[in-house]
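Encoded as structure tokens, the structure appears first; notes follow it.
The values are calculated or read from the model by the stated rules, or taken from the named source; none is laboratory data. This is a predicted model, so every value here is computed, not measured. Ideal geometry is used to build each Cβ from the backbone, glycine not excepted, and the neighbour counts take in all protein chains shown. Side chains included, ligands, DNA and RNA excluded: accessible areas come from the protein's heavy atoms. Shrake-Rupley method; radii C 1.70, N 1.55, O 1.52, S 1.80 Å.
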2 protein chains.
Amino acid sequence: MNFKNYIKPIVFVIITSCLAQKQKPSDVNYTILIHGGAGDIKKKMLTNAQEEAYSQKLEEALKIGEKHLKNGGTAVETVERVIKVLEDSPLFNAGKGAVFNHLGYQEMDASIMNGKTLQCGAVAGVTNLKNPIQGARIVMDSTKHVFLYGKRGQEFCIQKGATYADSAYFYTDKRWGQYQKAVKKNLILLDHSVGKEKKAFKKMGTVGCVVLDAYGNLAAGTSTGGLVNKKHGRIGDSPIIGAGTYANNASCAVSCTGVGEYFIRGTIARDVAAKMEYGKLNLKKSSIKILQKLIQLKGRGGFIAVDKKGNYQMQFTTKGMFRGVANSNGLLEVKMYR
Amino acid sequence: MNFKNYIKPIVFVIITSCLAQKQKPSDVNYTILIHGGAGDIKKKMLTNAQEEAYSQKLEEALKIGEKHLKNGGTAVETVERVIKVLEDSPLFNAGKGAVFNHLGYQEMDASIMNGKTLQCGAVAGVTNLKNPIQGARIVMDSTKHVFLYGKRGQEFCIQKGATYADSAYFYTDKRWGQYQKAVKKNLILLDHSVGKEKKAFKKMGTVGCVVLDAYGNLAAGTSTGGLVNKKHGRIGDSPIIGAGTYANNASCAVSCTGVGEYFIRGTIARDVAAKMEYGKLNLKKSSIKILQKLIQLKGRGGFIAVDKKGNYQMQFTTKGMFRGVANSNGLLEVKMYR
């Protein structure tokens with residue numbers, strides 16, 4: 001019997017158990033932020049009951065995220081879980097609450113990014129994924145691709161384990177009414193100014209989540225039903241890595257909401273991070289600069305962001321943004337207005 | 001008769017003619033770069049006739065671009081014209097030469113960006129646009145959107161003036177043979193390692209063009225047929241602003257080619273520019289750093305880039321890249337290998 005034969009496995013066990021220790025959160029530091037869309041959200045626009053419903057749902061989502069993080073959940077897993085909660089609620093324009101496109105069905109986009117590995121996944125134009133963010137996660141983890149579109153992308157995600165939902169699941173009276181109104185208006189609005197068309201944008205409500213987990217890793221995710229009455233297979237910023245979603249342990253994790261075209265032109269999510277990485281600004285300064293850039297581009301919307309130290313930002317150009325933040329210092333805050 | 005009535009129009013004429021003067025190139029400085037894809041391009045792989053064909057086509061495209069620029073053409077217009085030349089050639093994997101997807105038809109992506117205004121346009125999954133780059137330009141100039149997908153996007157582009165082409169137009173024996181081979185191989189390869197699948201990537205040949213025009217404006221464009229035998233509505237980097245294409249007068253114009261997923265993860269096109277804007281590096285240093293980043297991500301491919309001073313870069317990780325550069329100093333160069 002040769003002891004040498006045992007040394008290798010023993011060393012291996014010691015190393016792996018050390019690594020496993022390292023992977024356990026020591027004092028469970030975490031920060032989590034969510035948004036449920038930016039727009040003309042003013043106190044007088046919401047009834048008390050509506051305000052209460054939004055508040056409760058945002059708080060519920062944050063608490064589910066916190067619980068998972070306290071139990072040692074990863075940033076990526078938390079982002080997916082929390083966005084699922086928001087997608088499953090009819091309050092937001094994502095998943096169950098997604099708006100109707102021009103053809104009268106929901107067409108959803110989502111993306112997710114792992115700040116540790118820069119792995120990312122996205123789906124766009126999916127109609128029957130109960131949780132588009134789950135589809136994005138599957139693309140990231142189970143394929144060599146980053147971005148899949150439409151029915152074929154969706155079928156592939158379902159093959160790989162994504163939950164199917166039929167169109168009846170997505171139907172809500174509120175969104176159908178919005179759609180009917182938009183279709184009627186559009187008959188008149190089509191040849192009108194951009195200014196008037198922008199009114200339709202004001203009803204957008206993408207959802208997003210960014211997380212710093214106890215292992216010091218960042219992740220970001222975004223999910224949307226896009227524009228009410230959208231046409232022509234339009235893709236916005238939500239499924240575009242660098243536009244609507246970005247995460248990098250070297251800087252920060254960002255999720256955006258607003259009129260997607262401006263976020264694509266400004267590569268807004270990537271820019272918040274790039275200005276930290278290359279411009280050596282802190283998260284706050286970088287966020288303010290990139291919000292200014294968005295305003296210069298005449299863009300409307302906002303974003304949430306968190307860095308490796310748990311610093312966070314919630315910036316927006318609009319009257320309000322459904323948003324919330326919680327961290328391991330006991331902070332738990334939900335806001336809507338300025 | 002009141003002279004005051006004439007002052008306004010006269011002032012208007014003077015101002016507009018001054019502006020028109022300003023819009024005319026003074027000494028017609030320009031720089032133009034093109035690529036026809038990166039990959040395992042080695043001298044021994046091409047016959048003399050093939051080498052000659054690629055050389056001639058790249059030179060032809062550059063000269064068409066130069067002619068247009070000398071006549072005061074804009075960067076955006078030049079990018080579109082030059083990419084059309086490459087799309088119309090069966091030599092490259094774009095337009096006429098696009099590869100077949102898994103379902104046996106061509107599915108093409110393209111994008112274009114104006115560095116002066118940050119306006120941009122993209123199409124993905126289009127099957128019957130003779131020149132996808134024309135579709136991208138139409139999205140940029142004639143819609144409020146940035147990114148349109150599939151048949152609906154295509155129909156909209158055709159309504160707005162894009163040229164239709166039936167599938168017979170795109171058929172080439174070479175691509176059909178490639179497709180048949182890939183389908184056969186795939187039956188075996190599907191459950192194989194990424195390493196083996198990568199061999200299919202080696203046949204990619206996206207086209208791209210970046211331009212500095214005589215007015216000091218930058219533009220970039222990219223067009224591709226994607227992967228041979230691609231599935232699931234996969235979208236690569238070519239139509240993604242910030243991944244495959246980016247232009248900003250504040251820094252540079254970039255067009256990428258390679259395995260798209262890595263360019264999305266690395267936001268490669270935007271990063272070449274962002275490292276100049278935020279990191280204050282010059283184009284050469286920025287390009288080298290971002291190529292290193294691509295290599296760290298295990299990405300394969302390359303990019304062309306030009307800045308406002310006419311400095312240019314052609315970087316790639318692969319054995320070769322079909323590429324060319326021309327400028328107003330009389331430079332005209334076409335290369336394929338290292």
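Of note:
- Total accessible surface hidden between B and A, rounded to 100 Å², 1.4 Å probe: 3900
- Two-site FRET efficiency, A:Lys43 against A:Gln296, from Cβ-Cβ distance with R₀ of 22 Å, rounded to 0.05: 0.15
- Across identical copies of the chain, A:Asn329 has label-point separations of 5.4 nm, listed in ascending order, with the point defined 7 angstrom from Cα along Cα→Cβ.
- Between amide H atoms placed 1.01 Å from N, distances below 5 Å from B:Gly37 occur with B:Gly208, B:Phe322, all of them 5 or more places distant or on a separate chain.
- Across the accessible surface of the stretch A:29-337, with the other protein chains kept in place and a 1.4 Å probe, carbon and sulfur atoms take up 51 percent.
- Separation of the stretch B:276-301 from the stretch B:102-119 is 23 Å, based on Cα centroids.
- Per-residue Karplus couplings for the stretch A:53-60, computed as 6.51 cos²θ - 1.76 cosθ + 1.60 with θ equal to phi - 60°, are listed in order as 4, 5, 4, 4, 5, 5, 5, 4 Hz, Gly and Pro entered as x.
- When B:Lys160 is represented by a point 7 angstrom out along its Cα-to-C-beta vector, the spacings to that point in the other copies are 3.1 nm, nearest first.
- Members of the stretch B:110-151 that become less accessible by 40 Å² or more once partner protein chains are added (1.4 angstrom probe, chain alone as reference): B:Leu118, B:Lys144, B:His145, B:Val146, B:Phe147, B:Tyr149
- Under 5 Å from the amide H of B:Arg234 lie the amide H atoms of A:Tyr149, each residue being 5 or more positions distant or on a separate chain, with H modelled from the backbone and absent for Pro and chain starts.
- Karplus 3J(HN,Hα) series, Hz, for the stretch B:93-102 with 6.51 cos²θ - 1.76 cosθ + 1.60 (x for Gly, Pro): 7, 6, x, 3, x, 4, 6, 7, 7, 4
- The mean sequence separation of alpha-carbon pairs under 8 Å and at least six residues apart, normalised by the residue count of the stretch B:29-337, gives a relative contact order of 26 percent.
- For a label point 7 Å along the Cα-to-beta-carbon line of B:Leu332, residues of the stretch B:45-79 with backbone N under 11 Å: B:59-67
- Förster-model FRET efficiency, 22 Å R0, B:Ala168 and B:Gln50, C-beta, rounded to 0.05: 0.35
- Percent of Cα pairs in the stretch B:29-337 per distance bin of 10 Å, from zero to the largest separation: 7, 31, 38, 20, 4, 0.
- Between identical copies, the spacing of B:Ala250 label points, each set 7 Å from Cα toward the C-beta atom, reads 1.9 nm from nearest to farthest.
- Label-to-label distance, B:Gln159 versus B:Trp176, with points set 7 angstrom from Cα along the beta-carbon direction: 3.4 nm.
- Residues in the stretch A:209-235 that, when all protein chains are in place, have 50 Å² or more less accessible area than the chain alone would give (probe 1.4 Å): A:His232, A:Ile235
- For A:Trp176, the solvent-accessible surface with a 1.4 Å probe is about 80 Å², rounded to the nearest 10.
- Note that the stretch B:29-337 presents 35 Å² accessible area per residue, ligands and nucleic acids not counted, probe 1.4 Å.
- Solvent-accessible surface (1.4 angstrom probe) belonging to B:His145, in square angstrom, nearest 10: 10
- Cα gyration tensor shape for the stretch A:38-128, rounded if a/c is under 1.5, else prolate or oblate: oblate
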